[in-house]
Amino acid sequence: MRFGRIAFILFAIYLVFIGGSAYYSLIFPIRQVHHILITLVIAYWLVLRFRRGGFPQTPLNYPIAAAIVVWFFSALMSADRRMAFENMWFLFVHVFFFFALVDMFQRGRQRLVMETLFMISAAVVLLSGFELASWYFGLGFIPGTSVGWFNVIGTGAWLPLKPIRLALAMNISTLLAGFVAPLITITAAWAMTVRRRDYRRTLWVLAGALLVVLILTFSRGGLLSILAAVGTIGAFRLSQIKGINQRISGRVLLSGAAFIGVAMVAAYVIVSLTQERTSNSGDSGRLDMWRSAAAMTQNHPFTGVGIGTFGRAFRDYRDNNIVQDKLASAHNAFLNTAAETGLPGIIVSVWLGIALIRAWYTNWKQADSDARKLRLEAAFAALIGLGVHSLVDVFTITPIVLLIVGLAAYCVTPTDMVYEGKRDILSPTLLQKISLSAALVITVGYGIWLFQLDRAQAEYLKSFDNGTNAFSSAQAASELDPTLHLYPLQVTYLTGQSVLADAQADITQAIARYQNALLLEPTWDTGWINLAALSVRQGNIDVALEYLNKARKINTHNLAALNWAKLADSLNVSERDAIIAAYVDAIQNSDSLPLSAFWQETPLRREALEQFLKDQTVDIQYRILITYDPTRAAQLVSSNPQNAAEWWAAGENALTVKNNAAEAQQDFTEAIKLAPTNGDYYVSRARATYLSDPTAALRDLNLGQLLGTNAEYPNAIRAELATDPQKAESLRAQALPNPSNPQEFAAVLFDRPSQFQVFPEMQRIGPGRKAMQPWYTVADDRLKAGNTDGAIHAYRAILDYAPDEQEARRMLAQLTGG
């Protein structure tokens with residue numbers, strides 16, 4: 001008994017924090033172990049069911065069976081059957097978890113289940129507290145927390161200027177909110193109904209801590225969830241004021257509905273006021289997802305697009321002006337269900353919901369104590385809260401689904417079974433034996449198939465090392481798992497890489513491979529861009545422009561816009577306004593400001609730059625203009641600054657033009673007073689003070705790092721303060737942020753990592769010569785020290801980061817003789 005209890009707790013912890021978490025997709029060994037472990041556990045449980053009367057009997061059995069039929073039919077008819085069937089494995093696993101939890105409740109194991117849930121809740125609180133401590137004290141245990149707010153005490157910022165958004169326990173703040181919100185309701189309900197005072201106090205403390213965690217996720221959906229749950233419980237409590245068995249009146253139901261409505265609106269308004277809004281995320285993005293989900297349902301009313309394939313289909317439906325490649329669901333569970341399984345999925349979902357409500361109501365009416373009623377109300381309210389939250393998010397991750405099926409299992413289990421485990425063990429009927437046998441065959445079959453898929457993925461991951469066996473590994477992966485399109489894409493990508501490495505390689509073969517790959521995956525925008533690059537090398541400019549246009553139609557914010565504009569500009573093959581618009585789009589979606597000399601090389605680039613400048617604040621305009629038109633930059637400096645941007649421009653002018661660091665410090669301070677959360681302003685002030693007051697400069701650099709910077713580089717200033725040459729070089733090497741190289745295409749479509757990059761001639765434009773100075777300094781220092789190989793490496797790193805840096809190209813040519 002003790003071993004079984006410990007095994008259950010450890011298994012639950014594993015599911016929530018390891019195997020069922022995002023680590024499943026991020027860490028391949030965990031994925032492998034998870035497939036094997038879950039297959040063995042479910043197979044063992046199914047074998048035991050042959051001696052325990054088959055699947056536990058619940059009012060949800062028939063709608064669940066219907067749902068499985070719908071899932072299978074939807075996957076069978078999907079445009080990507082391979083991934084639809086892989087995604088369906090999770091649904092099967094979650095169904096087995098539901099029946100396993102029902103079995104535990106029916107055998108009177110409620111206490112073990114709930115104690116485990118509270119242990120996991122406490123673990124979430126501890127992890128969140130650890131994350132909070134690392135963030136505030138700069139413990140460095142979590143990436144990005146090497147500097148903490150505690151480090152800047154003494155600057156007047158003893159309270160953080162920017163709040164943390166907790167995410168560690170579930171990797172994503174939205175998922176953490178989705179998990180924590182129902183836990184608050186359940187924990188509070190059990191705190192009100194346990195008999196022992198010490199348990200009551202502990203549970204109340206836990207509920208309060210969970211509430212703090214929820215608030216610090218800054219999730220509108222999470223607050224909607226908890227407020228809807230509170231409103232639901234309030235309605236139930238109001239219904240019993242005149243007697244515990246009084247029938248729920250229409251007036252009370254209306255009051256409860258009104259309370260829930262007001263709570264949801266209040267939560268939406270409160271959190272909306274605390275969040276920054278952008279045009280490419282938030283409400284506009286959700287509306288686009290919802291419109292697309294409706295269109296998918298209209299186009300595939302009886303089958304949907306396939307289980308877990310909304311993200312794939314979405315690439316064909318979305319508005320390419322507000323693209324977010326990372327989106328894998330409709331951010332509305334009901335629309336997502338309709339899109340992926342069609343109207344049959346909605347019908348089965350309604351059936352399932354009605355069966356759950358009827359079973360819950362029967363148990364609620366038959367509850368033998370007010371404590372049991374309150375717990376049932378809390379479980380149902382938590383589900384209602386999750387349902388409301390699901391209006392703006394979709395939860396398919398195992399920890400949250402476990403919570404959902406656990407609450408559902410509790411709601412449908414009669415009171416006598418929950419507390420006493422009253423259930424006669426009968427021999428399974430013929431139908432139950434057939435069901436168990438089918439389930440066992442599916443479980444083992446999936447286990448064998450997943451083992452083969454993992455072998456293929458292991459070979460695929462070997463191809464990342466760019467060694468001599470990379471190509472053969474990618475081919476081996478494709479042979480082991482021939483229906484997954486990702487592996488032929490990797491073979492194609494490596495073929496293209498061989499063309500880059502060897503001028504004698506067959507470019508025609510590489511082009512043919514890319515064309516075939518894009519027939520498999522026509523929304524692979526990186527593939528279209530690389531195909532355009534190969535076409536340019538072959539001299540087919542018109543074809544290259546066509547390929548780049550295809551990539552732009554998939555996503556207007558990728559590198560296709562920039563490279564299309566470059567080609568069209570150089571050859572004068574398109575309308576002037578279209579080229580300028582493409583350049584402007586490239587500037588707006590760049591990782592850095594347009595400070596490179598590249599933007600001054602043609603009249604159309606200069607015109608695009610002027611259009612971009614019109615919508616920028618004074619400080620951004622000054623940063624750009626000072627690189628090529630100091631006279632216009634000086635005209636921006638106000639003699640009587642009124643806002644933060646104007647004060648910053650005055651300070652920058654004092655520092656770089658007047659060479660007056662004291663005046664610059666004063667002006668930057670005024671800018672900070674008006675915009676205390678602008679990290680760039682603190683780093684600017686550090687540039688003015690690092691010679692006269694290094695301690696104050698370091699505090700400002702820490703503040704800038706904590707708040708985040710867009711146009712300044714804290715480590716470049718830290719390098720000037722460093723006394724150890726090796727430390728200075730290390731800081732200069734880390735001065736620039738890592739270049740953006742999103743890999744959401746493979747993650748969303750195939751739930752696997754990738755390393756696809758555009759070819760060097762199609763890379764982004766760098767941040768400009770001034771921003772690259774730390775790396776140039778590293779190269780120069782190595783040359784002075786006689787380390788020619790090190791200097792060559794540094795210049796190559798500069799060109800990898802900023803291919804437009806002509807000075808680095810010249811120096812590299814001199815050093816290599818090429």
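Observations on the model:
- Matching residues in region 588-627 - criterion: being closer than 26 Å to ASN738 by Cα and hydroxyl-bearing (Ser, Thr, Tyr): SER590, SER592, SER596, THR617, TYR622, THR627
- Counting residues in region 3-17 that are exposed (fewer than 15 other Cβ atoms within 10 Å of the Cβ) and closer than 19 Å to ASP751 by Cα gives zero.
- Of all residues in region 368-383, those being surrounded by fewer than 19 Cβ atoms within 10 Å (Cβ to Cβ) and assigned to a helix (DSSP H, G or I) number 3.
- Selected residue (only one of LEU211, LEU166 is touching a residue at least 12 places away in the same chain (Cβ under 8 Å), in contact with a helix residue (DSSP H, G or I) (Cβ under 7 Å, 6 or more places away or on another chain), over 20 Å from LYS373 (Cβ atoms) and open to solvent by 50 Å² or more (accessible area, probe 1.4 Å)): LEU211
- Which listed residue, of ILE307, ILE347, ILE354, ILE322, is open to solvent by 20 Å² or more (accessible area, probe 1.4 Å), of a type in the set (Val, Ile, Thr) and part of a loop (DSSP other than H, G, I, E, B): ILE322
- Residue check for PRO29: surrounded by 16 or more Cβ atoms within 10 Å (Cβ to Cβ) and either over 28 Å from the mean Cα position of the chain (by Cα) or under 28 Å from ILE172 (Cβ atoms) (or both): no
- Residue check: PRO737 meets all listed conditions (1) in contact (Cβ under 8 Å) with a residue 60 or more places away in the chain; (2) in contact with an Asp or Glu (Cβ under 6 Å, 6 or more places away or on another chain) but one, namely (2).
Let's see how each residue does on (1) small (Gly, Ala, Ser); (2) open to solvent by 30 Å² or more (accessible area, probe 1.4 Å); (3) within 26 Å of ALA532 (Cβ to Cβ); (4) not in a loop (DSSP other than H, G, I, E, B):
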residue	(1), (2), (3), (4)
SER730	yes, yes, no, yes
PRO737	no, yes, no, no
SER740	yes, yes, yes, no
PRO774	no, no, no, yes
HIS793	no, yes, no, yes
ALA808	yes, no, yes, yes
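Rundown of residues vs (1) under 19 Å from LEU453 (Cβ atoms); (2) more than 28 Å from the chain's Cα centre (by Cα), yes/no style:
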site: VAL33; (1), (2): yes, no
site: ILE38; (1), (2): yes, no
site: ILE42; (1), (2): yes, yes
site: THR58; (1), (2): no, yes
site: ALA65; (1), (2): no, yes
site: ASP80; (1), (2): yes, no
site: TRP89; (1), (2): yes, no
site: PHE92; (1), (2): yes, no
site: PHE98; (1), (2): no, no
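- Total residues in region 41-89 satisfying the condition of being open to solvent by less than 20 Å² (accessible area, probe 1.4 Å), within 30 Å of THR523 (Cβ to Cβ) and in a loop (DSSP other than H, G, I, E, B): the figure is 2.
- Of all residues in region 540-554, those that are closer than 11 Å to ASN320 by Cβ have Cβ atoms under 6 Å from Cβ atoms of residues that are crowded, with 23+ Cβ neighbours inside 10 Å and of a type in the set (Val, Ile, Thr), 6 or more apart or on another chain, in ALA551/ILE529.
- When LEU253 is tested against the conditions (1) at pLDDT 85 or above; (2) open to solvent by 70 Å² or more (accessible area, probe 1.4 Å); (3) in a helix (DSSP H, G or I); (4) not polar (S, T, N, Q), the lone failure is (1).
- Looking across region 586-608 at every residue that is assigned to a helix (DSSP H, G or I) and open to solvent by 30 Å² or more (accessible area, probe 1.4 Å), the one that is farthest from GLN621 (Cα to Cα) is identified as PRO603.
- Selection of region 751-765 for residues being over 17 Å from ILE587 (Cα atoms) and in a loop (DSSP other than H, G, I, E, B) yields ASP751, ARG752, PRO753, SER754, GLN755, PHE756, GLN757, VAL758, PHE759.
- Out of ASN715, ASN643, ASN653, one residue alone is open to solvent by less than 60 Å² (accessible area, probe 1.4 Å) and within 15 Å of TYR622 (Cβ to Cβ). It is ASN653.
- Of all residues in region 342-391, those satisfying the criterion of being within 27 Å of ALA177 (Cα to Cα) and in contact with a Leu (Cβ under 7 Å, 6 or more places away or on another chain) are LEU352, LEU356, TRP360, ALA379, ALA382, LEU383, VAL388, HIS389.
- Among (1) in contact (Cβ under 8 Å) with a residue 12 or more places away in the chain; (2) surrounded by fewer than 20 Cβ atoms within 10 Å (Cβ to Cβ), the one test that THR337 misses: (2)
- The set of residues from region 499-522 being open to solvent by less than 50 Å² (accessible area, probe 1.4 Å) and either acidic (Asp, Glu) or part of a helix (DSSP H, G or I) (or both) comprises VAL499, ILE507, ALA510, ILE511, ALA512, TYR514, ALA517, LEU518, GLU521.
- Residue in region 195-205 that is open to solvent by 10 Å² or more (accessible area, probe 1.4 Å) and of a type in the set (S, T, N, Q) present: yes
- Taking the numbered list (1) farther than 18 Å from ARG312 by Cα; (2) under 32 Å from the mean Cα position of the chain (by Cα) in turn, ASP525 passes all entries but (1).
- Only residues that are in a helix (DSSP H, G or I) and among the β-branched types (Val, Ile, Thr) were counted across region 384-414, and they come to 8.
- Applying a threshold of 9 Å to beta carbon distances and a minimum spacing of six or more residues, or different chains, the list of pairs starting in region 783-795 at a residue that is of a type in the set (Val, Ile, Thr) and ending at one that is exposed (fewer than 14 other Cβ atoms within 10 Å of the Cβ) and at pLDDT below 95 reads ILE792/THR816.
- Filtered residues of region 676-710 (kept if within 19 Å of GLY144 (Cβ to Cβ), open to solvent by 20 Å² or more (accessible area, probe 1.4 Å) and either over 29 Å from the mean Cα position of the chain (by Cα) or among the aliphatic types (A, V, I, L, M) (or both)): LEU698, ARG699, LEU706
- Residues of region 531-549 that are assigned to a helix (DSSP H, G or I), open to solvent by 20 Å² or more (accessible area, probe 1.4 Å) and polar (S, T, N, Q): GLN538, ASN549.
- Residue check, PHE105 among the hydrophobic types (A, V, I, L, M, F, W, C), open to solvent by 30 Å² or more (accessible area, probe 1.4 Å), assigned to a helix (DSSP H, G or I) and modelled with pLDDT under 95: no
- Apart from one condition, VAL536 fits all of (1) under 28 Å from LEU562 (Cα atoms); (2) modelled with pLDDT of 95 or more; (3) β-branched (Val, Ile, Thr); the exception is (2).
- Residue that is nearest to the chain's Cα centre (by Cα), among those in region 550-575 that are part of a helix (DSSP H, G or I) and surrounded by fewer than 16 Cβ atoms within 10 Å (Cβ to Cβ): LYS553
- Qualifying residue in region 20-31 (condition: within 30 Å of LEU176 (Cβ to Cβ), free of Cβ contacts under 8 Å to residues at least 24 places away in the same chain and outside any helix (DSSP H, G or I)): yes
The values are calculated or read from the model by the stated rules, or taken from the named source; none is laboratory data. Given the structure is predicted, the values throughout are model-derived calculations rather than measurements. Glycine also receives a Cβ, built like all others from the backbone with ideal geometry; neighbour counts cover every protein chain displayed. Please note that ligands, DNA and RNA were not included when accessible areas were found on the heavy atoms of the full protein model with its side chains. Shrake-Rupley method; radii C 1.70, N 1.55, O 1.52, S 1.80 Å.
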